[in-house]
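Let me begin by presenting the structure, written as structure tokens, before commenting on it.
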Amino acid sequence: VAPAGFAADGALEINAACVATGCFPGDTPGIPVQTQENQSYVLTSNIAVGAVSTVGVVLEAGSTLDLGGFTIAGEVTCTGAPAVCSEQGFNGGGVIARRGSVVRNGTIRGIRSFGIQADPFVRVEKMLIEQNAAGGIAAGNDGATGCIIEDSRILQNGSGGISFAANDGALGARVVRNTIHGNSYAGVTGAISLLVDNAITSNGNLGAILNYSGSVTGFAGNQIYDNNGGNANPQMSGGVSIGTNVCGGDTICP
């Protein structure tokens, strides 16, 4: 294993050069990159996941991955809105984000699995997550309770944009100020607590499918438009409006 590289702020570097040999102790050569708990990591180049791998980085509990404007990329392509992808999705993620970790400031594109698979209390911010075969962001094995997804673009993925319905949903989760467009299935699905100030457009199923696991989602300030085959069809289900939203051509939601 090559000696670990450190960025100016003390974060451990991940880049294409070190992936081949292991970026730091405990990280075996190649993909996926394996991190440790409660550390800070930064990408200093683009990372190619390749045509076969379904996982790019395993981000352990309490750690932060700053992509630094760089990209974790596979070879899947998805076109159209709703998207049609070049292959079927698998389990995994460009980033597997363990409990309490943070993923921010970059792009995850073209992965054979999900863009991000998130455990409870994960935070995703300022990300572009697009053209991933299994979907954009999905709950991990322990659900996605308390997650925060904010200020991100989740575009043209091969299933749902944000899929938090599995594994007991996502009580306490917040989805705020995102653009969720052109995904093959629903824009947002799950037992999230707040859905606020999002543009949810041209997804293949409903823009939002809420109220899983007996929860009630509060929603406000969203534009939910041209989903589910067009504005003549229902745009969302579930939830309690706590402010004005646009659903199709009016403010009657759902």
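Here the Karplus curve 6.51 cos²θ - 1.76 cosθ + 1.60, taken at θ = phi - 60°, turns the phi angles of the range 132-149 into couplings of 9, 5, 8, x, x, 10, 9, 5, x, 5, 9, x, 10, 3, x, 6, 10, 10 Hz, with x standing for Gly and Pro.
Given their separation in residues at 0.36 nm each and the Cα-Cα distance between them, ASN141 and VAL52 gain 29.8 nm when the chain is fully extended. Put simply, the amide H of GLY146, placed in the peptide plane, has neighbours under 5 Å in PHE121, LEU171, GLY172, ALA173, leaving out anything fewer than 5 places away on its chain.
Projecting label points 7 angstrom from Cα along Cα→Cβ for LYS126 and SER86 puts them 3.0 nm apart. Computed over the chain, relative contact order equals 11 percent, with contacts defined as Cα pairs under 8 Å that lie 6+ residues apart. Annotation: amide H of GLY93 within the under-5 Å range of VAL55, GLY56, PHE114, sequence separation 5 or more or interchain, hydrogens built in the peptide plane. Give, as a single signed number, the net charge of other residues whose beta carbon lies under 10 Å from the beta carbon of GLU130, with Lys and Arg counted +1 and Asp and Glu -1. That works out to +2.
Taking 4.7 Å between beta carbons as the limit, the unpaired Cys residues of the chain are CYS147. Put a plus charge on the Cβ of each Lys and Arg, a minus charge on the Cβ of each Asp and Glu, and nothing anywhere else: the dipole of the range 59-157 about its Cα centre is then about 40 debye.
Peptides 130-139, 177-186, 66-75, 196-205 ranked from most to least packed give 130-139, 177-186, 196-205, 66-75, packing being the mean of other C-beta atoms within 10 angstrom over each peptide's residues.
Return the FRET efficiency for the residue pair ALA16, THR79: r is the Cβ-Cβ distance, R0 is 25 Å, and the value is rounded to the nearest 0.05.
Once rounded, the FRET efficiency stands at 0.40.
Distance from the alpha carbon centroid of the range 181-254 to that of the range 95-125 works out to 22 angstrom. Against the set (1) 19.1, 59; (2) 19.3, 70; (3) 17.7, 59, the structure's computed Rg and Dmax of the Cα atoms in Å falls on (3).
Per-residue Karplus couplings for the range 217-234, computed as 6.51 cos²θ - 1.76 cosθ + 1.60 with θ equal to phi - 60°, are listed in order as 8, x, 9, 7, x, 9, 9, 10, 9, 6, 8, 6, x, x, 5, 6, 9, x Hz, Gly and Pro entered as x.
Peptide packing: for 19-26, 141-148, 118-125, the average count of neighbouring Cβ atoms within 10 Å per residue gives the ranking 118-125, 141-148, 19-26, highest mean first. Multiplying the residue separation of ALA232 and THR251 by 0.36 nm and subtracting their alpha-carbon distance yields 5.5 nm.
We did not get these values from a lab; they are worked out from the coordinates using the rules stated. Quick caveat: nothing in here was measured; it's all calculated off a predicted structure. Cβ coordinates were reconstructed from backbone atoms using ideal geometry, including for glycine residues, and neighbour counts include every protein chain displayed.
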